[in-house]
Structure formats: C-alpha cells, structure tokens
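Remarks on the structure that follows.
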Amino acid sequence: MFSGSWKESSMNVIELEIPDQNIDVEALQVAFGSLYRDDVLINPSRVVALLAAACMLQLDGLIQQCGETMKETITAQTVCGYYNSAGMYGLDSVKKKCLEWLLNNLMTHQSVGLFKELSINLMKHLISSSNLFVLQVEMDVYTALKKWMFLQLVPSWNGSFKQVLTEADAWFAERRREFGGDVAFLESAQGSYIISDLASARIVERDALLPSEWLSSVYKQQWFAMLRAEQDNDIGPQEINKEELEGNSMRCGRKLAKDGDYCWRWTGFNFGLDLLVTYTNRYIIFKRNTLNQPCSGSVSLQPRRSIAFRLRLASFDGSGKMICSRTTGYQILTLEKDQEQIVMNLDSRLLMFPLYICCNFLYTSPEKRADNEAHLDNLEA
C-alpha cells in the first residue's frame, strides 16, 4: 500500500474507519503487537476490546487466547458483557461457559448491576431451564423476576440491592392504582409450583403482575393433578421421560454452610408425598414420611409412591466458578410408607463446603389426554 501505485503511498496521514465500536486505539496496539510475540498479557478489563480487534484482523491465536481469558474471569460483573461479546464474535465455548455460570449463580449472586444487564431473552432462557440452581424454592425465582422486571423498567434506580424488593413492590402497587386496581400489570402495556404454597399463591395474587387468565390454567392443572393423586391412585411417574422432567419438574435447593447433620423438607403442597431430606455422614437420604412425623399438608397413605428426581451437588469459589460437582442423573424412586433410601454417597475428597444442593422433583404422572383430544390433534395435523 505504501510503495505501490495507490493513493495512500503519497499521503502523510491515513484515516482508517473501524465500524466496530468495541475497538479502540489501545486494543489495536495490542493486537498488532501480538504479531511480533507469541503470548500477550491480556487484562480482563480490556479483553472484549482486544477480542473485537483480533476478530477484525482475523488473528486466530489471539482470538483463542481472549476466549480462554474470558472463561477464566467470569464473575457477576463480567458475565453479561462476556455473553454478549461471545455471541457477537462467535465464541460458542465462552457463551456456553457464561450460561453455565448464570444457571449456577443467578440465585446467589444477585445484584443491581447484574439484573440491569440481563436481557429479556437471556432471563427467559435461564428461568425456564431445569438446570437453574434454585435456592430455596420456585417462589424465589418469582421474587427474583419481580426485582429484575423493576430494574428493567426503572433502569435509573441505583439503591442497595437489599432495597430492591421493597421498592419494586411499592412501584408496582402505584402502577396498579394508576390502572384502576383491576388490571394485571402485564396486561397494561408461568409457574405451577409457585402456587403449590398458600403464602406464595397469596403473594402472586396480591402483586397482580400476572393476568388472572394466565393463572387460571395453572390452577386447573394443579387441581386435576391433585384429584388424580387422591382419587385415581396415581402413585407417581413410572418411567423416565427426560423432556417431561425438564419441562415440568419442581426445582428447589439448599445451602449447607459447613459439615454436620441436617434434615429438612421443602415447603409446598407435594400431592400427598411428604419427603424428608437428610444429610449425614456424607450420605443424602430421602424419606417418605406418612405417620412418624407431623406434616402441614395432607399425606397419602397409598402403600407405594414414586417420584422422579435428579439431585445435584456443587461447590463454588468466591467468584462463582464451580470447583466440584456430582449428580445422580434422572431417576425413579419408589418408597413404601415411612421408608427411607440413600440417594447419594459422597466421596469426602470431593466434598467442599459451603455445599449447594439442588433437586428436580416430579411427584405425579403426566396427565393422559382423552382419546378425542388426541383425535382432534390428528385432524389439525
């Protein structure tokens, strides 16, 4: 360009148009410098700009190095920026790593900054995933969504994250008054396990964020599931249907701060199956309680009940990076009255605290559709 018969060969200053706004002078300096050395020291705060420059110059080695740096430095402050950049510049492995981090840490690393950065599509993907680490119960997902929606609608709000829920409740209450009190917030401009707990169901009704029509089908579904369990001798899932489990299982979790003996149950109506979870001596045990201990809900006295479940354990470092994990995979467990069963035996070498436990449960069999409904579907097809 400088020695041939080009107009630039006689120019003292050449202006280059860089269409990518992520690229700046410093990033170009480092990218050009990488041509003369094998390794470049990458500052995590500059990695997105450098990745953009490397992609423009098609420097595959530098692109790979940027990707490795991003995967090693994912935190609550960087995860959304990395996720968006990975999608923009085709780093699928980085995008996957960011999704894994968010699924593991969304419920434990919440902040005003993170919730403002999470896009609608990304949040939809996270909350609908069966791999989301939920602590404690599904209602906590609803609460997180309420905070996130408030911060998306009022991005100028910059208070403490501890104040977000109070501010969100007040803001949505004010909107309800503006709409006249009878219109749900989302109508003005789904979640069956949320309403399986009375206190949670009352909060959902009080908030009036969800239109009543959206909830009616969920109430109906829950009512028929309860009737099947009570009157049709539905003893629970009999075979593993991964798609059914991933789409309909209840997600719940618990954090064990240190080693010791623990016993708990997750609140909510579980279709007559009162399941006690025990951690002791590196064992995790499920027990079907029927008569030995009092229970707040009705208890099924059927001789045998089955549940489909998946149990996952994980430990994380301070930045949310997974250190170790274990899973049972999806299983069917059949329990007689007051029977208990060891579901996981932990290797002490892999056991690190705090320990996070996340479970997916399905208590009832999938509903069998009537023949005429299937016939109608065939006609439509």
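Every number in this text was worked out from the coordinates using simple rules, so none of it is lab data. None of the values given here were measured: they were computed from a predicted structure. With ideal geometry, Cβ positions are generated from the backbone for all residues, glycine too; neighbour counts draw on all protein chains shown.
With semi-axes √(5λ) of the Cα gyration tensor in Å in mind, check [x] 40, 21, 18; [y] 50, 23, 18; [z] 48, 27, 21 and report the label derived from this structure. Recomputing semi-axes √(5λ) of the Cα gyration tensor in Å here picks out [z].
For the pairs Lys147/Lys287; Lys124/Lys242; Lys146/Lys255; Lys162/Lys287, flag any whose C-alpha to C-alpha distance is greater than 32 Å.
With Cα atoms farther than 32 Å apart: Lys147/Lys287; Lys162/Lys287.
Each of Ile18, Ile120, Ile23 was scored by other Cβ atoms within 10 Å of its Cβ. Arranged with the fewest first, they read Ile120, Ile18, Ile23.
Across all directions, the shadow cast by the convex hull of the range 1-69 built on its C-alpha atoms averages 5.5 square nanometres. For the range 242-362, a simple Cβ point-charge model (Lys and Arg +1, Asp and Glu -1, everything else neutral) yields a dipole of about 140 debye relative to the Cα centre.
Modelled label positions at Ser156 and Glu8, each set 7 Å beyond Cα in the direction of Cβ, lie 4.6 nm from each other.
Here's the picture: a label point sits 7 Å out from the Cα of Ser325 along the beta-carbon direction, and within the range 278-317 the residues with their amide nitrogen under 15 Å of it are 310-317.
The aspartates and glutamates within cross-link reach of Lys337, meaning a Cα-to-Cα straight distance under 18 Å and a gap of 8 or more places when in the same chain, are Glu230, Asp234, Asp274.
Working note: Cα atoms of the range 109-232, range along each principal axis, descending, whole Å: 53, 38, 24. Cβ under 12 Å from Leu351's Cβ, Leu351 left aside: what net charge do those residues give with Lys, Arg +1 and Asp, Glu -1? Charge balance near Leu351 sits at +2. In a simple Cβ point-charge model (Lys, Arg +1; Asp, Glu -1; nothing else charged), the chain has a dipole of about 1160 debye relative to its Cα centre. Of the trypsin sites (Lys or Arg not before Pro) in the range 289-359, which ones lie in a loop per DSSP and count no more than 16 other C-beta atoms within 10 Å? Answer by residue number: Lys337. Between Leu16 and Phe32, the simple spin-label model (points 7 angstrom out along Cα→Cβ) gives 0.6 nm.
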